[in-house]
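What follows is calculated from the coordinates using simple rules that are stated; it is not laboratory data. This structure is a prediction, so every number in the text was calculated from the model and none was measured. So basically every Cβ, Gly included, is an ideal-geometry build from the backbone, and we count neighbours across all protein chains shown.
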């Protein structure tokens, strides 16, 4: 799965500084928010928002024609929801890392994917859930063989691949633009892996970095 994920050259041309750290976790034991994941959310909520990193994502949205004040990058929307919402333990884990590092992170049920994930510019005729609406031509989207999995780069994910309390195998997409360094991106991935391992000691975690030229 990791080796088959790719980023289209048209997206790289739009933002040559883009990189994504892909983390897969097999054998998760998820469940409702508990005191442990609640503490992670509280600690992240206390961190000062790094507006420079969020502003970079707003610029990226404008580059493909989106209006970030109407459809906000995921990390921007998340930092506006303090205190952070309680979803479930795995989502709480990646949301806390997302806010701590001002880093968009998508978490999805790997078993609900059909074919590999890929980041592309939309043609405009991709299958999409009604609640998300149809992507516009040129819009940056994540998709699989069925259709859209996330619109407007990281604005909103589909219900089909949502992480639930029954999810056992997951994929996480940690998306970086400058001024975040690749070193911090890797650190965020390590921190996420630590939280997932704390939740599920037997979890099997793998990762792959996709950056410019790779």
Inset, instruction - Can you give me the number of residues within region 168-177 that are over 15 Å from residue 113 (Cβ atoms) and surrounded by fewer than 23 Cβ atoms within 10 Å (Cβ to Cβ)? - result: 1
Legend entry - Count - residues of region 151-167 that are surrounded by fewer than 17 Cβ atoms within 10 Å (Cβ to Cβ) and either without any contact (Cβ under 8 Å) to a residue 12 or more places away in the chain or in a loop (DSSP other than H, G, I, E, B) (or both): 5
Legend entry - Every residue from region 1-25 that is in a loop (DSSP other than H, G, I, E, B) and in contact with a strand residue (DSSP E or B) (Cβ under 6 Å, 6 or more places away or on another chain): 5, 8
Inset, instruction - Could you list all residues from region 182-214 that are outside any helix (DSSP H, G or I), touching a helix residue (DSSP H, G or I) at 6+ places or on another chain (Cβ under 9 Å) and closer than 22 Å to residue 14 by Cα? - result: 208, 209, 211, 212, 213
